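The values are calculated or read from the model by the stated rules, or taken from the named source; none is laboratory data. All of these numbers come straight from a predicted model, not from anything done at the bench. Cβ: placed from backbone, ideal geometry, glycine included. Neighbour counts: every protein chain shown. The accessibility values were calculated without ligands, DNA or RNA, using every heavy atom of the protein model including side chains. Shrake-Rupley method; radii C 1.70, N 1.55, O 1.52, S 1.80 Å.
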Amino acid sequence: MKNIAQNAPLLPYNTFHMDVKAAVFAEYENVDELREILNDPAVAALMQAEKAKGRLPFWHIGSGSNLLFTGDYPGVVLHCKSTGIRVVPTEGTESSDEGEDEGVCLLEVEAGTVWDDVCAYCVENGLYGPENLSLIPGETGAAAVQNIGAYGVEISNLVEKVICWDVEADKEHIFDGTEMGYGYRESRLKHEADKARYVVIRVVLRVQRKPRLHLEYEGIQKALGINLEADPEAVEKLSLQEVRNAVIRIREGKLPDPKDVGNAGSFFKNPVVENAVFDKLQTQYPNMPHYVVDKGHTKIPAGWMIEQCGWKGKSLGRAGVYEKQSLVLVNRGGAEPQEIVRLCRTIIEDVEKKFGIRIEPEVNLIG
Ligand code: EPU
């Protein structure tokens with residue numbers, strides 16, 4: 001059933017544990033209810049007023065695990081409550097409930113489905129693809145917008161289609177994965193023109209029945225107790241469940257559980273710089289970790305730079321930098337949104353002063 005609340009607390013809807021309110025908070029279970037919400041006179045009037053101020057007509061959240069409300073939200077916050085995973089039938093064989101094509105299986109996932117439930121489902125059913133993305137907090141719709149990624153895999157590698165509701169045209173619109181404008185933590189649905197227009201209702205994922213593991217990230221091999229360079233055959237003995245368990249162990253070892261400590265995962269993106277910039281820095285910091293992006297660009301871990309600036313484990317008011325991973329900002333308890341914002345700004349300035357690189361938030365700052 002749909003739910004429209006005015007002056008609604010957002011505390012249960014953001015993992016940073018910000019005690020703020022939304023002028024309107026509305027949840028729906030299906031497209032009909034979404035349309036009813038959008039056509040509700042009070043909701044429609046507020047969306048119109050927000051638009052007139054040059055702001056987004058609504059902000060759609062998943063489980064609020066990659067955002068920071070910077071204060072009370074004066075507009076409409078939407079949330080999808082629809083969950084479920086279903087195998088897409090193979091074309092031409094409507095009686096079959098198996099979407100197979102040389103080992104490919106298509107899964108249609110409702111936007112409100114907890115992402116890790118998708119990972120668990122795949123592992124239980126012998127479907128390869130999402131296992132490295134295990135335990136990433138959030139819901140599937142938001143995961144596809146955000147292009148979540150970890151340990152060498154991004155959801156964009158798996159997205160076949162994103163099925164949206166086009167709010168302006170009042171009809172369904174389907175984006176192919178190739179039309180999504182995917183990049184590192186980037187998609188077209190993160191940008192205003194599309195964000196104001198499309199609401200993700202389902203995501204179709206392309207997963208594989210044939211074994212294909214991604215174990216290049218050295219931390220995974222370490223957690224699995226293997227070294228593929230020395231023993232390339234070790235991969236054949238591994239189960240999907242073992243890989244999922246290894247990813248879960250790594251994440252639990254480095255990242256705070258939002259149930260205990262308010263946070264939104266990596267607060268900043270890892271900057272991608274021109275090789276000339278990287279080469280100059282490397283002469284100064286020969287041990288700087290880095291990843292090759294393409295021929296001309298290198299990615300530098302922002303967490304390493306933040307640690308070099310002396311921020312690891314430190315606090316500013318009730319906002320802090322996590323002890324085990326400097327890329328994660330935490331709410332030490334009762335922090336106001338502006339305390340997190342102040343810490344964010346101070347870190348950006350300090351990193352720029354030391355390294356000449358301006359890092360950017362990865363979380364959405366919403367106010
Ligand atoms: N590092 C430090 N000090 C720190 C943190 C990191 O020196 O305080 C160094 C590490 O030793 C390592 C490098 O920086 O050499 C990279 O660290 P890590 O492997 O922990 O990953 P990350 O680059 O900090 C990214 C993603 C994570 C994802 C991991 C693993 C972004 C913004 N973050 O973090 O995603 O889990 O890689 O693939 O790209 C998230 O988006 O919320 C998230 C957790």
Self-check item: Close pairs (8 angstrom Cβ cut-off, 6 or more residues apart or separate chains): within 13 Å of ASP19 (Cβ to Cβ) in region 318-344, polar (S, T, N, Q) and modelled with pLDDT of 95 or more anywhere
Solution: ARG318/ASN331; ASN331/ASN263; PRO337/THR70; GLN338/THR70; ILE340/ASN331
Self-check item: region 144-194: number of residues that are of a type in the set (S, T, N, Q), open to solvent by 50 Å² or more (accessible area, probe 1.4 Å) and under 21 Å from PRO361 (Cα atoms)
Solution: 0
Quiz prompt | Selected residue (only one of LEU327, LEU343 is within 22 Å of ASN147 (Cβ to Cβ) and not assigned by TED's automatic domain parsing to the domain that holds GLY149) | solution = LEU327
Practice problem: Starting from residues that are farther than 30 Å from ARG212 by Cα and within 17 Å of the chain's Cα centre (by Cα), keep the ones in region 237-263 and report whichever is most open to solvent (accessible area, probe 1.4 Å). | Solution: PRO258
Quiz item: Can you find a residue in region 326-333 that is surrounded by fewer than 19 Cβ atoms within 10 Å (Cβ to Cβ) and more than 9 Å from the ligand (Cβ to nearest atom)?
Solution: yes
